[in-house]
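Asker: Sharing a structure, written as structure tokens. Questions coming.
Derivation of every value follows stated rules applied to the coordinates shown; laboratory data play no part. Everything quoted here is computed from the prediction, not taken from an experiment. Positions of Cβ are backbone-derived with ideal geometry, glycine not excepted, and every protein chain shown enters the neighbour counts.
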Amino acid sequence: MHRVRTALTAALLGLLTVSAHAAIDSPVRRVFNVAPGGTLYLDTDVGNVHVVPGASGVVVSVQRRARGQKELDRDHLTMQQQGNDVHVRNEVEQTSRWFSWGNDLDMTFDVTVPAHYNVELKTSGGNVSVGDLHGFVHARTSGGNVRLAHIDGPVDGHTSGGDVRLDGATGNANLHTSGGSVVVGDIGGNLEIKSSGGSLETHRVGGTLYARTSGGGITIGDARGAIDAETSGGSIRASLSAQPRGDSRLSTSGGSITVALAPAIGVDLDAHTSGGGVNSDLPITVMGKVSDDSLNGKLNGGGPKLVLRSSGGGIHVRKL
């Protein structure tokens, strides 16, 4: 009999423990009547953020799942409209615990905005994505990926712990990551891309290109302006289909450099490597001494400088 009572007591305690820690869903939805041209300001301490353009106003849907009521009470979510702008702020009170088993609070922000709208997004613990949008985009996360579609305007995207992808932008773009790769489509203006631990890849850049990485290669599909690209941990491949409008420099400490040039392009070539040879498929009017590891001369009568430096591989100049 004693054993039966003990088993029943344990079972009841187990049920109470499960009930006390059962997850709580607490969704929130707000609709704002705004005109195109405004700005969404969203700043959250936790959660993924997804923005989908194409609505007549702004609709904010927040999915919240907490470990318990105590954890849910620590979340403070406010939304307000100011003119055509919408401000969303989500703050989570910190606890005195050093660690926690599992996630106490899981959140996702799904927001629809007009097609012509601006967004400023910040999250300290999730991914950020934005669909095709006419307006500027500022997106920042401390712990996730940044995924942006085609943006008709300037773009500023930063993450401390993930990858960055931008399908295209008509304006200037500034993209940084401390722990992943950067992939970019067509950019109408200038482009700055940086990574401390991944590769960099661009499709087409209409303006100047500034690229820096310490942990991967650099691939430049087509550059219409000047290039300043440097990597400490990989090779560089670049194509120039139009006459560059300024001096360019490509440098690597950990790989080779391959540059493909359109037939009519004129540059002053300055190529040197300490880790391989230098060769060109295009006719170069050589200036100075000829050696296996250096090539200096003019292509098609000369033009802006094209400086190529490698400490860990060969340098190849090809015909595009």
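Asker: Among the lysines, select those whose C-alpha is under 26 Å from the C-alpha of Lys305, and discard any that sit fewer than 8 residues away in the same chain.
Answerer: Lys194, Lys289, Lys319
Asker: What percent does the relative contact order of the chain come to when contacts are Cα pairs within less than 8 Å and at least six residues apart? Please report the intermediate quantities before stating the final value.
Answerer: Numbers: 997 pairs, mean separation 31.1, N = 320.
Contact order relative to length: 10 percent.
Asker: Hey, another quick one. Applying a 10 Å radius around every beta-carbon, put 122-129, 23-30 in order of their mean neighbour count, most first.
Answerer: Values: 122-129: 20.6, 23-30: 12.6.
Going by the mean number of other Cβ atoms within 10 Å, highest first, we get 122-129, 23-30.
Asker: In the neighborhood of Gln69, defined by Cβ-to-Cβ distances under 13 Å, what is the net charge if each Lys or Arg adds +1 and each Asp or Glu adds -1? All intermediate terms of the calculation are to be shown ahead of the outcome.
Answerer: Numbers: positive: Arg64, Arg65, Arg67, Lys70, Arg74; negative: Asp25, Glu71, Asp73, Asp75, Asp104.
Charge balance near Gln69 sits at 0.
Asker: If you don't mind, there's one more thing I want to ask. Most fluctuating residue of Val164, Val60, Val184 in a GNM of the chain with Cα springs under 10 Å: which is it?
Answerer: Val60
Asker: Work through the residues other than Lys122 whose Cβ is under 13 Å from its Cβ and net out their charges, Lys, Arg +1 and Asp, Glu -1.
Answerer: Values: positive: Arg89, Arg140; negative: Asp43, Asp45, Glu91, Glu120, Asp156.
Local net charge: -3.
Asker: If you take all C-alpha pairs in the range 43-82, what percent of them are over 14 Å apart? The partial results should precede the final answer.
Answerer: Details: 463 of 780 pairs.
The calculated P(r) of the range 43-82 puts 59 percent of pairs beyond 14 Å.
Asker: Compute the signed sum of charges (Lys and Arg +1, Asp and Glu -1) over the other residues within less than 9 Å, Cβ to Cβ, of Thr219.
Answerer: Details: positive: Arg237; negative: Glu201.
Neighbour charge sum, excluding Thr219 itself: 0.
Asker: On to the next question. Quick check: from the Cα gyration tensor, does the range 132-252 come out rounded (a/c under 1.5), prolate or oblate?
Answerer: Oblate, since a/c reaches 1.5 and b/c is not below a/b.
Asker: Given the -39500 (n - 2.57) contribution per DSSP H run of 4+ residues, what per-residue ellipticity at 222 nm results for the chain, rounded to the nearest 500 deg cm²/dmol? Don't skip to the answer; put the middle values down first.
Answerer: Details: 2 runs with 24 residues, N = 320.
Estimated from H runs of four or more residues: -2500 deg cm²/dmol.
Asker: I would also like to ask the following. Classify the range 51-156 as rounded, prolate or oblate, taking a ≥ b ≥ c as the square roots of the eigenvalues of its Cα gyration tensor: rounded when a/c is under 1.5, otherwise prolate if a/b is larger than b/c and oblate if not.
Answerer: Numbers: a/c = 2.54, a/b = 1.81, b/c = 1.40.
Prolate is the answer for the range 51-156, as a/c is 1.5 or above and a/b outweighs b/c.
Asker: What list of whole percents do you get for P(r) of the chain, with Cα-Cα distances grouped in 10 Å bins up to the one holding the largest distance?
Answerer: 6, 22, 23, 17, 13, 10, 6, 2, 1, 0, 0
Asker: Now, a different point. What angle do you read, to the nearest 10 degrees and between 0 and 90, between the alpha-carbon axis of helix 2-20 and the longest principal axis of the chain?
Answerer: Taking the Cα atoms of the chain, the angle to 2-20 is about 50 degrees.
Asker: On a C-alpha basis, how far is the centre of the range 245-320 from the centre of the range 132-168 in Å? Whole number, if you could?
Answerer: Here the two parts' Cα centres lie 34 Å apart.
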